[in-house]
Amino acid sequence: MNKEQQFSEEFINAFVDDELTPDEKAQAYARLGDDVLLNHQVCELRKVRDLVALAYRNVPAPACGTSAIAAAGRKCSTAIAAGLALVIGGLGGWFLNQASHAPDNAVVAQVAPVAEDPAKVLFHVSEGSPEHLKSVLDEVENLMKFYRQTNQKARVEVITNGGGLSLLMAGISPYAERIQRMQKEYSDLTFVACQNTIERIQQELGLQAKLLPGVVVIDSGVAQIMRRQNQGWAYIQV
Amino acid sequence: MKKLLGIVLMSALSLGGLGAAYAENYGKQKVAYHINVDDEKTLKAALGNIQNHINAVGKENIDMRVVMHGPGLALLQMANKNPDMQDKVANLKRQGVHFNVCANTLKGKKINYKTDLYDTTEQDIVPSGVAEIAHLQSQGFSYVKP
């Protein structure tokens, strides 16, 4: 690879997954020394890889700061388990045979969505003016209605970071009641808050950010977006 | 993540005007542009992005869908009145770009696509703009929000 060129995404992924030849690895290390962007990419990819591994590991929630991620993982496992029950009913012995080889939830997680094939959509909200937040909720609700009317299974996540977090903050969100109603009405709709933003608010403004009930906290909004895209979710910026 | 990186690379390329030099490297692309704003500056810039994108990849190599919903329908409303916008949209259509309009928005805002939107037929209308964008991504389209 030409040293002047950008490394391809495949190359960087292979580097993170330790799949490069020693020569290529040396090249990558040489560039990492002075390429801030590359450093950042590698760091983010490693983080995503580690988090995915963590979320898929079938362990009880650790009593540390990552419990929220584990909780999200558990929620996901429950949905997958429910989906799996249906699939087993439909496909009978063949699937049971496959599933019995499954070492853990990771295999189940790959199989179930294919058989069920739900739409998976994430909305990214990073701006917090009340008019903007209203249009976000309108769009989310229109989409949920659309999937309901057309009898499509769908999982939808509203991921907030930066200014968008105000959508989900108790005492600040102008739409707390509406969100509560939407949570009740659509069980496949999840509102997600970014832990990095919560910490930033605490540091910079000295505010203890309290969230609306039922909001899931994840480590990083951006990492969650990448994780979801890797898992085949559609990305919509509103 | 691929999509996000794609967007970054794409903007880097269109900024540098290096598109033509890379045309042979991109292969086939499927891309959905998401339009849900109505300010003229953003819409004009979006049309510019789309043209640059086609220049970089080659019109025979790209399946390009522009999906409009909510305030984004302003793009075709403006093209209906403003000759400059109309030229740009017509030119993109000649290169095979599809302009898709959200039926929910037409209904909600009581817009008559035959009279209010530039060169729009029933075939251009999708039931839900957001669901269309999600569907396109599940079919391998990259997402770009200008």
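Which trypsin sites (Lys or Arg not before Pro) in the range A:193-238 pass both tests, a DSSP loop state and at most 16 other beta-carbon atoms within 10 Å?
Qualifying residues, ordered by number: A:K210.
Hey, what do the phi angles of the range B:108-117 turn into as Karplus ³J(HN,Hα) couplings, whole Hz, using 6.51/-1.76/1.60 and θ = phi - 60°, x for Gly and Pro?
For the range B:108-117, the Karplus-derived couplings read x, 9, 6, 9, 8, 5, 6, 9, 9, 10 Hz, x marking Gly and Pro.
So if we plug the beta-carbon distance of B:N112 and B:N82 into 1/(1 + (r/R0)^6) with R0 = 22 Å, what FRET efficiency do we get, rounded to 0.05? Intermediate values should be presented prior to the final figure.
Details: r = 19 Å, r/R0 = 0.84.
Approximately 0.75, to the nearest 0.05.
Can you sort B:K59, A:K184 by how many other beta carbons sit within 10 Å, fewest first?
A:K184, B:K59
For each of A:E177, B:E122, count neighbouring Cβ atoms within 10 Å of the residue's Cβ, then give the residues from fewest to most. Mind showing how you got there, number by number?
On the way: A:E177 10, B:E122 7.
Ascending Cβ contact count within 10 Å gives the list B:E122, A:E177.
What do you get for Rg/Rh of the range A:175-230 when both radii come from the Cα atoms and Rh is the Kirkwood radius?
With Rg and the Kirkwood Rh in hand, the quotient comes to 1.03.
Starting from the Cα-Cα distance between A:K134 and A:K153, subtract it from 0.36 nm times their residue separation and give me the gain in nm to one decimal.
Stretched fully, the A:K134-A:K153 segment lengthens by 4.4 nm.
Is there a simple number for the mean count of other chain Cβ atoms within 10 Å of the Cβ of residues in A:136-145, and what is it?
Rounded to a whole number, the mean comes out at 3.
Holding the Cα-Cα limit at 23 Å, pick out from B:K81/B:K107; B:K30/B:K145; A:K134/B:K93; A:K145/B:K88; A:K120/A:K145 the pairs that are longer than that.
In this structure, A:K134/B:K93; A:K145/B:K88 lie more than 23 Å apart at Cα.
Since every read-out is calculated from the coordinates, none of them should be taken as a lab result. Please read all numbers here as calculations on a predicted model, not as lab measurements. Please note: Cβ atoms are built from the backbone with ideal geometry, for glycine as well, and neighbour counts cover all protein chains shown.
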